[in-house]
Number of protein chains: 2
Amino acid sequence: MADSRPGGRSERVRVAILDAALAQLMSDGYDALSIGRVAKAAGVAETTVYRRWPTSADLAASALAHLAHTENPIPDTGSLAGDLRAILRQIIDLISRPDVERIVRTSAALDTTAAETRKSFWENRLASSAAIVESAVTRGELAAGTDPGEVMEFLVAPAYLRLLLLDRPLDADLLETSVRRTLAAFGAS
Amino acid sequence: MADSRPGGRSERVRVAILDAALAQLMSDGYDALSIGRVAKAAGVAETTVYRRWPTSADLAASALAHLAHTENPIPDTGSLAGDLRAILRQIIDLISRPDVERIVRTSAALDTTAAETRKSFWENRLASSAAIVESAVTRGELAAGTDPGEVMEFLVAPAYLRLLLLDRPLDADLLETSVRRTLAAFGAS
């Protein structure tokens with residue numbers, strides 16, 4: 001029976017595969033992602049990869065989710081302002097890294113394989129960060145029924161726009177402005 | 001002496017060149033933009049193009065500014081809400097066109113030639129739309145000192161994020177939400 005506990009063999013194999021896929025994505029981009037090369041780099045049989053990720057799009061989506069899970073955990077600081085600031089700071093740090101910036105740009109460029117990867121990655125991320133909004137509703141900081149996806153879109157959109165199209169800095173000013181504007185936009189108390 | 005009045009010969013030549021450049025950008029992308037082919041399509045000598053646009057990046061930036069100028073004029077409806085709704089509707093209509101979507105995606109992907117094009121295009125657009133915020137300040141709808149670029153970034157960012165990364169619809173709901181959230185974010189009265 002597979003041992004999927006954290007630290008178990010199955011989990012170590014999963015992480016080795018995702019790390020290898022991520023390294024390959026970052027150096028060569030989506031189009032070049034090869035399950036054969038990832039399996040070789042991770043020291044496993046190709047079938048081990050295919051069993052869990054039937055297509056390279058599935059593998060790319062999981063590798064990016066793995067990156068986000070590791071580098072961009074969902075914060076729980078006790079206040080909406082604190083949570084929004086913490087998650088946006090992580091995102092800005094992450095997409096400011098040249099290797100990650102390259103992946104984001106490539107992802108934005110493609111509309112075939114990458115579209116599926118993008119879609120599952122973002123659905124997953126928006127769903128995970130819903131906890132931030134739900135906690136804020138529980139604490140009475142946001143109105144019941146506030147759409148978590150909408151809050152996150154508004155919070156992160158200026159950072160991605162600056163990165164991808166405006167060539168304006170992702171600095172502390174953007175961070176504070178985005179948090180403050182988002183709180184005001186959703187009538188946070 | 002060159003006749004640069006609207007409808008004058010110099011102006012007709014300029015528009016013919018920009019139309020040809022735009023058509024080529026839309027069909028073949030940035031990387032393939034060739035001043036020689038643009039000159040041929042516009043029926044002018046290459047030197048006529050080079051005199052005004054020394055590099056293909058200059059030409060691409062002007063062609064996109066020409067598209068924006070034609071399809072996306074700065075509105076003046078008499079209210080901030082009206083202006084924001086009008087300009088965002090135009091932008092959504094424009095970037096929803098498959099040929100324009102392709103240019104936006106390509107533009108986001110590249111970080112060499114395209115970066116200069118992107119930068120001058122956006123600086124130009126943010127500067128033109130400053131009039132919307134300035135009028136709103138004059139009417140007392142926004143506080144004096146409101147940064148026009150910041151307002152425009154917040155207004156349009158979710159639409160670009162949806163187009164480029166989220167694969168979520170650019171629909172009437174996004175339009176209304178973005179306008180409403182932006183008004184609230186900047187404390188518009």
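A few points about this structure:
- Peptide B:173-181 is shielded by partner chain Cβ atoms: per residue, an average of 3 of them sit within 10 Å of its Cβ.
- Between copies, the label points at B:Asp99 (set 7 angstrom from Cα along Cα-to-Cβ) are spaced 4.1 nm, reported in nanometres from shortest to longest.
- Net lengthening on full extension, A:Ser34/A:Asp99 (0.36 nm per residue, minus Cα-Cα): 21.6 nm
- For region A:75-135, the dipole from Cβ point charges (+1 on Lys and Arg, -1 on Asp and Glu) about the Cα centre works out to 200 debye, to the nearest 20.
- Distances between copies at A:Gly8, taken between label points 7 Å from Cα along the C-beta direction, are 7.9 nm in increasing order.
- B:Arg9-B:Ala115 FRET efficiency (beta carbon distance; Förster radius 56 Å; 0.05 resolution): 0.95
- Helix B:113-138 vs. chain B, principal-axis angle (Cα, 0 to 90°, nearest 10): 40 degrees
- Copies compared at A:Ser79 - label distances in nm, ascending, label defined 7 Å from Cα in the Cβ direction: 3.5
- On the protein assembly as shown, 53 percent of the accessible area sits on carbon and sulfur atoms, based on a 1.4 Å probe.
- When only alpha carbons of the protein assembly as shown are considered, Rg and Dmax amount to 23.2, 86 Å.
- Remark: the protein assembly as shown carries 45 Å² of accessible area per residue (probe radius 1.4 Å; ligands, DNA and RNA excluded).
- Rounded to the nearest 500, the 222 nm mean residue ellipticity of chain B from helices alone is -23000 deg cm²/dmol, with -39,500 (n - 2.57) taken per DSSP H run of at least 4 residues.
The values are calculated or read from the model by the stated rules, or taken from the named source; none is laboratory data. All values derive from a computational prediction rather than experimental measurement. Counting neighbours? That spans all protein chains shown, and the Cβs are built from the backbone with ideal geometry, glycine included. Note: areas computed on protein heavy atoms with side chains; ligands, DNA, RNA excluded. Shrake-Rupley method; radii C 1.70, N 1.55, O 1.52, S 1.80 Å.
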